[in-house]
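K.L.:
This is the structure I have questions about; it appears just below.
The values are calculated or read from the model by the stated rules, or taken from the named source; none is laboratory data. These numbers were taken from a predicted model, which means no experiment stands behind them. Positions of Cβ are generated from backbone atoms using ideal geometry, with glycine treated the same way; all protein chains shown enter the neighbour counts. Ligands, DNA and RNA are stripped out before the accessible areas are found, and what is left, the full protein with its side chains, is counted by its heavy atoms. Shrake-Rupley method; radii C 1.70, N 1.55, O 1.52, S 1.80 Å.
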Amino acid sequence: MTDWNTLLDGVRVIPVLIVDRLEDAAPLAETLFGAGLGTLEVTLRTPCATDAIAAMTRAAPEARIGAGTILHTAQWDAVKKAGACFGVSPGHTETLLNAAEAAELPYLAGAQTVSEIMALGERGLKLLKFFPAARIGGPGMLKTLASVLPDIAFCPTGGITAENVADYLALPNVACVGGTWIAPPELVNTQNWPEIAKRARHAAGL
Ligand code: 3PG
């Protein structure tokens, strides 16, 4: 199974994408990949999300496209068939953890409490999604977690913006961050690729 270092390939920002129209998937992937962001998360929050993953893997074959907002076990097979190379959930359940293992895809499982983080660490997951980061303590909470759970790294998402992203990335236990601010639906739906490319270039340089 591909490890997270390979999946991230040095990039510390993962655009979280909500694709409403399939026709936007390919130019969106090309724009983000061209601007230096090679690891993308397509959330399963729209009807065309799985097809969007397939279209993006065709448009930017060197990009690492993952599926986000995985809530149901059957989604693992569907996104794997579409070409996703990792999966993400806002939280986690036992059945989702088992399904991720069965699908043999890296899983960025979400955790919110110290006990959840410890349980996932015991299970061998060393990079976790910390969501919704800004609402569950933000950088201050992550700093506290670093002192008690130094072996666990996080990908905070939820409330990360161009203004506060540096506060998160400065922390020793933050491997990467994710967020919609780079390519929010209002920019994707108006096909504002130049503005998305500008935001992506800034994020890629962080
Ligand atoms: C996620 O799925 O990680 C969140 O929707 C991202 O939250 P944001 O819109 O605040 O970036």
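K.L.:
Any chance you could check the Cα centroid distance between region 105-156 and region 38-60 for me, in angstrom?
P.N.:
With region 105-156 and region 38-60 each reduced to a Cα centre, they are spaced 25 Å.
K.L.:
What aspartates and glutamates does K126 reach when the alpha-carbon gap must be under 13 Å and sequence neighbours fewer than 8 apart in one chain are set aside?
P.N.:
D3, E116, D151
K.L.:
Under the rule of -39500 (n - 2.57) per DSSP H run of 4 or more residues, summed and divided by the residues of the chain, what mean residue ellipticity at 222 nm is obtained, to the nearest 500 deg cm²/dmol?
P.N.:
Calculated from helices alone, the mean residue ellipticity at 222 nm is -12000 deg cm²/dmol.
K.L.:
Still on this structure, please answer the following. Compute the signed sum of charges (Lys and Arg +1, Asp and Glu -1) over the other residues within less than 14 Å, Cβ to Cβ, of E104.
P.N.:
-1
K.L.:
Round to the nearest 0.05 the FRET efficiency obtained for E163 and D20 when R0 = 30 Å and r is the Cβ-Cβ distance.
P.N.:
That gives a FRET efficiency of 0.70.
K.L.:
If you don't mind, another one. Using only protein heavy atoms and a 1.4 Å probe, report how much of R201 is accessible, in Å² to the nearest 10.
P.N.:
Approximately 140 Å² of R201 is accessible to the 1.4 Å probe.
K.L.:
Would you rank V11, V165 by solvent-accessible area, highest first, keeping every protein chain in place and using a 1.4 Å probe?
P.N.:
The ranking, largest first, comes out as V11, V165.
K.L.:
State the extension gain, in nm to one decimal, for the chain segment bounded by E122 and H202, taking 0.36 nm per residue of separation less the distance between their alpha-carbons.
P.N.:
Here the segment from E122 to H202 would lengthen by 25.2 nm.
K.L.:
I want the local charge near T161. Using Cβ-Cβ distances under 13 Å, sum +1 for each Lys or Arg and -1 for each Asp or Glu among the other residues.
P.N.:
Computed value for this residue: -1.
K.L.:
Write down the Å³ per residue value for the convex hull defined by the alpha carbon atoms of region 65-206.
P.N.:
Output value, Cα hull per residue: 116 Å³.
K.L.:
Could you please report the charge total around I117, scoring K, R as +1 and D, E as -1 over all other residues with beta-carbon less than 15 angstrom from its beta-carbon?
P.N.:
Around I117, the charge tally is +1.
K.L.:
Another question, then. How high is the relative contact order of region 1-104? Use alpha-carbon pairs under 8 Å, at least six apart in sequence, and give a whole percent.
P.N.:
The normalised contact order for region 1-104 reaches 24 percent.
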